[in-house]
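What follows is a short report on a single structure.
Values in this text are rule-based calculations from the coordinates and carry no lab data. Source: prediction; values computed, not measured. Cβ: placed from backbone, ideal geometry, glycine included. Neighbour counts: every protein chain shown.
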Amino acid sequence: MNPHIDDWSGKRVWLLGASSGIGAALGRLLLARGARVALSARKVRQLQAVANGAPQALVLPCDAADEASLCSAWDSLLAAWGGVDVALYVAGDYLPMRAWELDVPRARQMIDVNFGGAVAFAARVVPQLLQQGEGQIGFVASVAGYRGLPKSLIYGPTKAALINFAEALYLDLHPQGIGVRVINPGFVATPLTAQNDFAMPALLTPEQAAVETLAGFAGSAFEIHYPKRFTRAMKWLSLLPYSWYFPLVRRITGG
């Protein structure tokens, strides 16, 4: 389905959302595996810490939700490298929210970061990949995008939109020789998930998530999901009819 990447040596990778969590762990792991990594996010000091002086690292600060900022970072990357081999959108925002807590400004912020930024990212990267005739683009979504969940009133729909967007991109780009990936993690210990007030089953570290992500790129699958013991259960739940799904989820989550 997608080209395999077993050797990252010399690969030009753009990570948008690389200052913390999965993005930062991916940046460090890719640098350790010899990739040339462009690190983007708003927090310059954290990006510099991920780069850690590596000569093949390129620090390109930008705001994923600000299209002009994103375009400026992309232009700087093109000037430095002329293109990319892999572009990964890892930026994300999360706030637990229930129906009676609906906060429109925070909802819009999540929509802008989780989905709007991904669209702007693709609008920059895809034409370059098509011009090159090769390369891959990927998006970190979430198993929260499979079905509606308690406390995921806005976050879940943004990830569902991102999964659907990646599917549509794959249908368009695969015949052109361009790889498209969607990465759907379960729970990962990050500053965002630290807001949760419930037990998170099968919780992974960002470093474990980074290893699983690159292991996925060594295969050809469109979807990279982990940890399997959790994501497979979520996939099964997503297949249930509403008459079974709603009461079962309420029972499992207490929601």
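Annotations
- Under 5 Å from the amide H of Ile224 lie the amide H atoms of Val182, Ile183, Asn184, each residue being 5 or more positions distant or on a separate chain, with H modelled from the backbone and absent for Pro and chain starts.
- Between the amide H of Ile137 and those of Ala87, Gly179, Val180, Arg181, distances stay under 5 Å, these residues lying 5 or more places away or on another chain, with hydrogens modeled in the peptide plane.
- Estimated FRET transfer efficiency (Arg98, Asp7; beta-carbon r; R0 45 Å; 0.05): 0.45
- What the phi angles of the stretch 115-120 give under the Karplus curve with 6.51, -1.76 and 1.60, with θ = phi - 60°, is a coupling list of 10, x, x, 5, 5, 4 Hz, glycine and proline written as x.
- Once you reduce the stretch 41-99 and the stretch 170-198 to the center of their Cα atoms, the two points are 16 Å from each other.
- Karplus-derived HN-Hα couplings along the stretch 4-16 (A = 6.51, B = -1.76, C = 1.60, θ = phi - 60°), whole Hz, x at Gly and Pro: 6, 10, 9, 10, 8, 4, x, 5, 8, 10, 9, 10, 9
- GNM flexibility winner over the chain from Arg42, Arg229, Arg12 (Cα, springs under 10 Å): Arg229
- Loop-resident GluC sites (Glu not before Pro) (DSSP state other than H, G, I, E or B) in the stretch 87-180 with no more than 16 further Cβ atoms inside 10 Å of their Cβ: Glu134.
- 12 Å cut-off, amide nitrogen to a point 7 angstrom out along Asn196 Cα→Cβ, residues in the stretch 234-255: 253
- Listed residues Ala166, Tyr226, Leu153: farthest to the positive end of the dipole of the stretch 143-255 (Cβ charges): Leu153
- Taking a straight Cα-Cα cut-off under 18 Å and skipping sequence neighbours fewer than 8 places away in the same chain, the lysines within cross-link reach of Lys235 are Lys159.
- Extension gain for the segment Ala168 to Arg229, taken as residue separation times 0.36 nm less the Cα-Cα distance, is 19.2 nm to one decimal.
- Here the residues Leu47, Leu239, ranked from fewest to most Cβ neighbours within 10 Å of their Cβ, fall in the order Leu239, Leu47.
- The stretch between Arg42 and Glu134, if pulled fully straight at 0.36 nm per residue, gains 30.2 nm over its current Cα-Cα span.
- Net charge, Pro105 excluded, C-beta distance under 15 Å - Lys, Arg +1, Asp, Glu -1: -2
- Kirkwood analysis of the Cα pair distances in the chain returns a hydrodynamic radius of 18.5 Å.
- Counting neighbouring beta carbons within 10 Å and listing from fewest to most, the residues Trp14, Trp244 come out as Trp244, Trp14.
- Computed E for Ala49/Trp236 - FRET, C-beta separation, R0 35 angstrom, nearest 0.05: 0.30
- Between Val37 and Val13, Ala57, Leu58, the built amide H atoms are under 5 Å apart, and every one of these is 5 or more places off in sequence or on another chain.
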